[in-house]
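Read the figures in this text as sums done on the coordinates, not as results from a lab. Source: prediction; values computed, not measured. A quick note on method: Cβ atoms are made from the backbone with ideal geometry, for glycine too, and the neighbour counts reach across all protein chains shown.
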Amino acid sequence: MSVEVPALPPLKARVDLSGQVALVTGAGRGIGLGIARGLAAAGATVVAADLLAEVASESAAELAAEGLAVTAAQVDVTDEGGVGALIGRLVADNGRLDILVNNAAITGTKTIEDTSADEWRQTLEVNLTGPFLCSKAVLPTMTAAGYGRIVNIGSVAAKRISYNADASYTASKAGLLAFTRHLAYEAAPAGIAVNAVCPGPTLTSNLAAIATEETLRAREKSVPRGRLALPEDIMRTVLFLVSDLAEMLSGQAIDVDGGSLLGWYDTETYFERRRVS
Ligand SMILES: NC(=O)c1ccc[n+]([C@@H]2O[C@H](COP(=O)([O-])OP(=O)(O)OC[C@H]3O[C@@H](n4cnc5c(N)ncnc54)[C@H](O)[C@@H]3O)[C@@H](O)[C@H]2O)c1
């Protein structure tokens, strides 16, 4: 059984990215696909890159059919040569690169005791070294232009622990927030703003395909706002961060989790306790 992914009310704010060029990694599905759609809908020319060439092509074709300027590219974010070649091609084709969204990531699920050193390294490689390699590769172009926006997709796991993924994931996302701050500091004088978005549990189509109403309701109980985040929620915060509304933001990590990190219990239990005392 699967659940439906609801739609958010239409966006009232207008962000204009026309003339800008964006690269989103891990954009073949899920949150990355939502971000690619949102940036393109705001007028950017978007390259949706993913390890899985076919998935990226199908998604880009779907967005192109909606009239959006999205093309697909295959890339492994851990492959320095491949990342450099992709960004070189992208800049040669478009003459610029304004926005990079480091979204690609993997998740392990084992306990620390059961995790092999290779599994640990692989998560760190994709989730932390990947954003380093992609950011390093875009810096010369953005620095020459005196403008750039880099958004790293972290996780609320970076601030506590991951409930669904493993310790390597938690460590990689905490590292990514540290990298965000350091890169923000070094890149700021060149006019490049670097920030992170930390999604809480997000209802992607993959999760919807395996979730049941019951498991979903149980997870929603832990979110004060009463629902899981949607890829579009994450996209809207990315849109804010790459827009002129966020002009003075640097090195920040914004939780998009409906308040999940704020409390210890679900809100029902919280109010119940106050009624008793
Ligand atoms: N879904 C959630 O609940 C949630 C919560 C917190 C944070 N996040 C973060 O949001 C981002 C997207 O999550 P999602 O749920 O959409 O994930 P997902 O697994 O559905 O999508 C990730 C994409 O990254 C691609 N990818 C994996 N390794 C790659 C590599 N080496 N090179 C290039 N692409 C690669 C995959 O092929 C996939 O298309 C991730 O950074 C994730 O850690 C997600």
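Within the option set A171, A188, A144, being at negative phi, assigned to a helix (DSSP H, G or I) and buried (at least 16 other Cβ atoms within 10 Å of the Cβ) holds for one residue only, A171. Among the numbered conditions (1) more than 21 Å from A40 (Cα to Cα); (2) away from the ligand (no atom under 12 Å from the Cβ); (3) buried (at least 19 other Cβ atoms within 10 Å of the Cβ); (4) among the hydrophobic types (A, V, I, L, M, F, W, C), the only one that A193 does not meet is (1). With respect to (1) hydrophobic (A, V, I, L, M, F, W, C); (2) more than 18 Å from the chain's Cα centre (by Cα); (3) more than 15 Å from the ligand (Cβ to nearest atom), the lone exception for I99 is condition (2). A residue that is outside any helix (DSSP H, G or I), closer than 26 Å to E119 by Cβ and touching a residue at least 40 places away in the same chain (Cβ under 8 Å) can be found somewhere in segment 204-221.
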